[in-house]
Amino acid sequence: MQAQASLRRIIETAPLAIGLFDAGTLRIEQINQAAAALAGRPEAELLGCSPEELFGPERGGHIRADMLAARSSGEVTQRDYELSLHGEMRIWDARYTHLVDLSDGSPEQLLLVASDVTSQRAAEAARLEAAIAQRELLVREVHHRIKNNLQGVAGLLQQIAARRPEVAGVINEAVGQVQAIAQVYGLQVGSTGPLRLRRVVESITGSVQRTFGRVIHLAVTGPQAEQVHQWSLPEAESIPIALSLNELLTNAVKHGPADGLHCTVVCEADHVLIEIRNRGSLPPGFDLAQLRGGVSGLGLVRALLPRRSARLSLEQQGEEVVCQVELRPPGLSFLLPL
């Protein structure tokens, strides 16, 4: 039994918490002082104990399942455990090894070696938190610079439009699109995570109002109106939706009277409608499905809107033209309150 005796001496003298278990019953055969201190009981009381007798039915049951998995594995099995030591929760890195091929014919055993890694885990968590904070700071700085650069481009285009009246209309359309993208990046500067849909709608309607000097009446209605702040746009959808809304509002301003333009966010249980309503008339025989894609107007909106989660409709209702954009998941997310 020379191998077994050597193993016992290692267990007794090692500074780590070490226990030797019978591989069949999973009961303790040997334990050192560090492991006994972890269990909070004298070494003599621990010999012959099962995992449930050591740590209670629930936690002991989890540890038993880990030991059984280690017993059937041919490799070292690692687990992390949170255990209370002197009233303080500590994190222990536990490694199980199945001792099955001892040269002197000793019975199969399961070796447990555990070390207190509370400080290391706390340091790792702090480094991760610092890295995340640094990344968020850099992302906000990038968004801020992109917004400023886009606004600079819009300003240059406006100067060109002022000098070239013959192309001012086309250039102003491009200005509106650039400003819509800039608004989205501006919202991302002061926020983390997905953009709230209401903030995007408010930002774009405000931008169109400033550009054309027209009042847009914005309202939130629907059976779930009080939950409007919980609807958000994933990053990949925010710019296409913002550009689409900008084009629809711009189109309504150009073809409608000076007043009476309404934008309403209708919150339903599983989707949101953005409705733009103004006095006007659609051309005879108008068919939205026949419109081709383009760089502005309804053609651009049809090209931009995510087909998997958005639907566009435009119809005449009495003396008003009503445009609706229906947004559904996955292009729209509902965030549960914290």
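The values are calculated or read from the model by the stated rules, or taken from the named source; none is laboratory data. None of the values given here were measured: they were computed from a predicted structure. Every residue, glycine among them, receives a Cβ derived from its backbone with ideal geometry; neighbour counts consider all protein chains shown. Please note that ligands, DNA and RNA were not included when accessible areas were found on the heavy atoms of the full protein model with its side chains. Shrake-Rupley method; radii C 1.70, N 1.55, O 1.52, S 1.80 Å.
Points to keep in mind about this one:
- Note on region 145-189: with neighbouring protein chains present and a 1.4 Å probe, carbon and sulfur make up 56 percent of its accessible heavy-atom surface.
- Span per principal axis, largest first, for the Cα atoms of region 110-252 (Å): 84, 42, 23
- Volume per residue for region 244-338 equals 118 cubic angstrom (convex hull of Cα atoms).
- Length added when fully stretched, E53-D270, from 0.36 nm per residue minus Cα-Cα: 73.1 nm
- Heavy atoms of S72: accessible area, 1.4 Å probe, square angstrom to 10: 100 Å²
- Euclidean distance between Cα centres, region 297-338 to region 156-228, Å: 16 Å
- The calculated FRET efficiency for the pair R27 and V117, based on their C-beta separation and a Förster distance of 22 Å, comes to about 0.25.
- Heavy atoms of I160: accessible area, 1.4 Å probe, square angstrom to 10: 70 Å²
- Solvent-accessible surface ranking, highest first, for M89, M67 at 1.4 angstrom: M89, M67
- Gyration tensor analysis over the Cα atoms of the chain returns equivalent ellipsoid semi-axes of 69, 22, 17 Å (largest first, whole Å).
- Accessible surface of region 198-308 [probe 1.4 Å, protein heavy atoms]: carbon and sulfur percent: 51 percent
- Calculated accessible area for the chain comes out at 55 Å² per residue, all protein chains present (probe 1.4 Å; ligands, DNA, RNA ignored).
- Candidate membrane-span-like segments in the chain, meaning DSSP H helices with Cα atoms spread over at least 30 Å of their own axis and a Kyte-Doolittle mean of -1.0 or above, are 118-163, 168-189, 235-255, with no membrane implied.
- For the chain: relative contact order, % (alpha-carbon pairs under 8 angstrom, 6 or more apart): 10 percent
- For region 296-338: rounded, prolate or oblate by the Cα gyration tensor [a/c cutoff 1.5]: oblate
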